[in-house]
Amino acid sequence: MPTDMNTAKHYNANAEQYHQHVTNPSDSIFHSQYEKPAIRAELPNLEDLDVLSIGCGSGVDSRWLADNGARKVIGIDISSGLLDIAKRENPDISFLEMDMEKLDFPDESFDLAYSSLAIHYVDDWTPALKEARRVLRPHGTYVFSCGHPIDTAVEYTKDDQAKYAYLGRKIELETGKRTIFGDYLVVKDGGVKPIEGTLGDMEVVVYHRTFGKMIEQIRSAGFTIEKVVEPQPAPDMQQANPDMFEQLSRIPAFMIWVLKK
């Protein structure tokens, strides 16, 4: 199933706000000091590569790819609001409204596919990955990031003092009774479960899936897994936000996949 259309609707309604967020390094340290350094470190030399940016949003990553040696960059997204900004800010780059599960490109059109925090908006990766593989040239590479399942498996609760995110168990000393918090395996949902959340003022739906389900869907699409990265935050975050630095140094929020055709 494609990206939840309510998610696309909220991105459209909040496109300018989102663009301001992702272009302000101090406002988006999850991007500027965590996910971006990690995913960019896994990219090949971009010189003379034709690159497809999947889920390009307002074009920030497409701009970076073009400025760092790519011969050609095409960005696709399903949010017309974000694409309007991408076109406005980057008139020299081609941006198209397109579903990642139905790419309107000939076979073997690109050397590299790149996607930052977009694929976790679909419930089944296989169709989108098959399309990415189809448009890659022989030995092409797909580098993408997504939410880490240990982060999406937690159970949230709160009281008057704080909010809590739990994944684990409580064992009562006297009775041995166990209380379980969170659900990593989501057995009744087949290993994939929608998670409703917010991103600023936006309501979004991302999908938790187990590590095993991720591997299954990647292999079903025909890709070979070259590398998996569970990133550490950039050193700069320790000063900018020491609490977040400590959290991300111990519990990952995202992960990076490097796949080969």
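Taken together, the values in this text are just the output of simple stated rules run on the coordinates, not laboratory data. Here the structure is a predicted model, which means the values were calculated and not measured. With ideal geometry, Cβ positions are generated from the backbone for all residues, glycine too; neighbour counts draw on all protein chains shown.
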Longest principal axis of the chain (C-alpha) makes with the long axis of helix 211-220 (C-alpha) an angle, in degrees to the nearest 10, of 30
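Between ASN6 and ILE171, how high is the FRET efficiency from 1/(1 + (r/R0)^6) when r is the Cβ-Cβ distance and R₀ = 41 Å? Nearest 0.05. Walk me through the numbers before you get to the answer.
Details: r = 39 Å, r/R0 = 0.96.
Calculated transfer efficiency: 0.55.
What is the dipole size for segment 63-115, taken about its Cα centre, with +1 at each Lys and Arg Cβ and -1 at each Asp and Glu Cβ, in debye to the nearest 20?
Rounded to the nearest 20 debye, it is 240 debye.
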Filtering GluC sites (Glu not before Pro) in segment 114-185 by DSSP loop and by at most 14 other Cβ atoms within 10 Å leaves GLU172, GLU174
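How much length is gained on full extension from ILE225 to LYS260, taking 0.36 nm per residue of separation minus their Cα-Cα distance? It would help to have the intermediate numbers written out before the result.
On the way: separation 35, 0.36 × 35 = 12.60 nm, distance 0.65 nm.
Value of the extension gain: 12.0 nm.
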Cα-based Rg and Dmax for segment 100-239, where Dmax is the largest Cα-Cα distance (Å): 18.7, 66
If you stretched the chain out fully between ASP160 and LYS87, how much longer would it get, using 0.36 nm times the residue separation minus the C-alpha to C-alpha distance? 21.7 nm
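Could you work out how much longer the chain between SER109 and THR198 gets when fully extended? Use 0.36 nm per residue separation minus the Cα distance between them, nm to one decimal. Intermediate values should be presented prior to the final figure.
Details: separation 89, 0.36 × 89 = 32.04 nm, distance 3.53 nm.
So the chain would gain 28.5 nm between SER109 and THR198.
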Charge dipole of segment 132-184 built from unit charges on the beta carbon (Lys, Arg +1; Asp, Glu -1), centred at mean Cα; most positive-end Cα among TYR142, TYR156, TYR184 is TYR142
With 10 angstrom as the radius, rank LEU46, LEU199 by how many other C-beta atoms surround their C-beta, starting from the fewest. LEU199, LEU46
Rounded to 5, the percent of DSSP beta bridges in the chain classed as antiparallel: 60
Final fewest-first order of VAL122, VAL154 on the 10 Å Cβ neighbour count is VAL154, VAL122
Taking a cut-off of 13 Å between Cα atoms, list the aspartates and glutamates near LYS163, but don't count ones fewer than 8 places away on the same chain. GLU155
Taking the number of other C-beta atoms within 10 Å as the exposure measure, put ARG137, ARG178 in order starting with the fewest. ARG178, ARG137
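I need the Kirkwood Rh of segment 117-199: take the reciprocal of the average 1/r across all distinct C-alpha pairs and report it in angstrom.
On the way: mean 1/r = 0.0622 Å⁻¹.
By the Kirkwood definition, the hydrodynamic radius is 16.1 Å.
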Quick note, segment 1-129: a/c under 1.5 would make it rounded; otherwise a/b > b/c is prolate and the rest oblate (a ≥ b ≥ c, C-alpha gyration tensor); here it is rounded
Check the straight Cα-Cα distances from LYS213 and name the aspartates and glutamates below 15 Å, setting aside those fewer than 8 residues away within the same chain. ASP123, ASP124, ASP183, ASP189
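Using only alpha carbon positions, build the gyration tensor of the chain, then give the equivalent ellipsoid semi-axes as the square roots of 5 times its eigenvalues, largest first, whole angstrom.
Working: eigenvalues 202, 92, 65 Å².
Here the semi-axes work out to 32, 21, 18 Å.
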